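Encoded as structure tokens, the structure appears first; notes follow it.
The values are calculated or read from the model by the stated rules, or taken from the named source; none is laboratory data. Here the structure is a predicted model, which means the values were calculated and not measured. Please note: Cβ atoms are built from the backbone with ideal geometry, for glycine as well, and neighbour counts cover all protein chains shown.
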Amino acid sequence: MNILLNNRIISRESFTVDLEDRGFQFGDGIYEVIRIYDGFFFEWEAHLERLVRSAKELMLPLPTAIHTLYQNLQLLMKDSKITNGTVYIQVTRGAAPRFHAFPKETEPTLVAYVREMQRPLEQMRNGIKTITTEDIRWLRVDIKSLNLLGNVLAKQKAVEQGGAEAILIRDGIVTEGSSSNLFAIKGKQCFTHPANHLILNGITRQVVLRLLNNSELTLHETSFTLDELLEMDEVFITNTGQEVCPVIQIDDSVIGKGTPGVYTRQLQSAFEALLGAVIPS
Ligand SMILES: Cc1ncc(COP(=O)(O)O)c(C=O)c1O
């Protein structure tokens, strides 16, 4: 595998992490994951815009201009010969003697690499079981930072209990999944947590919001409780890897009839149609 290091493509074997890289020591950095469908970076403008926003929020200078980064990602994808997968991009504040405050003259480190990935069709067709857990993350999870321990512990708990995702609850309110946004439908009303500092404003979430504009559902970007969630007819999660994925169970509660709901299916179809539309043949 080859990787992008700042402006150069090098082999993975020749890449080393500096002992005092601030990403390694403090988690002082940001990342993005962009989906590649048939050799096309899906929603890349939105992902790169979010990268710029995350960088700005952390006062982290990006080592390359965004259009240069996009061109480099194209080269990296071609070099990888992978046409269906993801590209992971990470930027850290760079290496400096360990001291919490920002170092004065440190160059940021950008790395990116491509991995093959197939669509998780089984989960998308049949839905997933989930668990709930307390949202113990910091209060700026709108920034896509490398600090993912709260997410890691939540997902681990889900896996240990045979679930595919952990739904996070803060002060009784449903925020999002450990690596996804969450939507819930009751009748023709669709609910999702507002995009504030308590959730990551997912790119897939934003695509689904656009799709909802053309559906018979009425969207409410408003908070709701776990008790309310368990009474919903349909629940689904969204993220770059799982697209629109139905949730059929939360802890011991079955959602709806225990199978993916009709509106969730409609949104999945609309999402697929969009893929057909955005992928140049
Ligand atoms: C905590 C969290 N929320 C939401 C998302 C969904 O974001 P996106 O749709 O941009 O992949 C992710 C993606 O990994 C995430 O980690």
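Tabulated data
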item	result
Selection count, the stretch 26-70, where residues are outside any loop (DSSP other than H, G, I, E, B), more than 13 Å from the chain's Cα centre (by Cα) and surrounded by fewer than 18 Cβ atoms within 10 Å (Cβ to Cβ)	13
Every pair of residues 6+ apart whose Cβ atoms lie under 7 Å, when the first sits in the stretch 111-129 and is of a type in the set (D, E, K, R) while the second is part of a loop (DSSP other than H, G, I, E, B)	Glu116/Ile82; Glu116/Asn84; Lys129/Gly162; Lys129/Gly163; Lys129/Ala164
Members of the stretch 190-230 that are polar (S, T, N, Q) and within 22 Å of Thr130 (Cα to Cα)	Thr192, Asn201, Thr204, Thr222, Ser223, Thr225
Residues being crowded, with 17+ Cβ neighbours inside 10 Å, in contact (Cβ under 8 Å) with a residue 40 or more places away in the chain and more than 18 Å from Tyr263 (Cβ to Cβ) - total across the stretch 202-240	4
Subset of the stretch 197-225 [assigned to a helix (DSSP H, G or I) and either within 16 Å of the ligand (Cβ to nearest atom) or closer than 26 Å to Asp171 by Cβ (or both)]	Ile203, Thr204, Arg205, Gln206, Val207, Val208, Leu209, Arg210, Leu211, Leu212
Single unsatisfied condition, Ser179 versus (1) within 13 Å of the ligand (Cβ to nearest atom); (2) buried (at least 23 other Cβ atoms within 10 Å of the Cβ)	(2)
Contacts under 7 angstrom Cβ, first residue in the stretch 160-180 being closer than 14 Å to Leu200 by Cβ, partner acidic (Asp, Glu) and within 15 Å of the ligand (Cβ to nearest atom), 6 or more apart	Leu168/Asp135; Leu168/Glu176; Arg170/Asp135; Thr175/Asp135; Gly177/Glu165; Ser178/Glu165; Ser180/Glu165
Flag if Val244 is touching a helix residue (DSSP H, G or I) at 6+ places or on another chain (Cβ under 7 Å), within 15 Å of the ligand (Cβ to nearest atom) and either in a helix (DSSP H, G or I) or without any contact (Cβ under 8 Å) to a residue 24 or more places away in the chain (or both)	no
Residue in the stretch 167-175 that is within 16 Å of the ligand (Cβ to nearest atom), surrounded by 19 or more Cβ atoms within 10 Å (Cβ to Cβ) and within 27 Å of Val52 (Cα to Cα) present	yes
Flag for Ala277 being hydrophobic (A, V, I, L, M, F, W, C) and buried (at least 17 other Cβ atoms within 10 Å of the Cβ)	no
Some residue of the stretch 132-152 being small (Gly, Ala, Ser), over 21 Å from Glu49 (Cβ atoms) and not assigned by TED's automatic domain parsing to the domain that holds Glu43	yes
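Here's the yes/no breakdown for (1) in contact with a Phe, Trp or Tyr (Cβ under 9 Å, 6 or more places away or on another chain); (2) of a type in the set (Val, Ile, Thr):
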{"residue": "Gln189", "(1), (2)": "no, no"}
{"residue": "Ile199", "(1), (2)": "no, yes"}
{"residue": "Thr225", "(1), (2)": "no, yes"}
{"residue": "Gln268", "(1), (2)": "yes, no"}
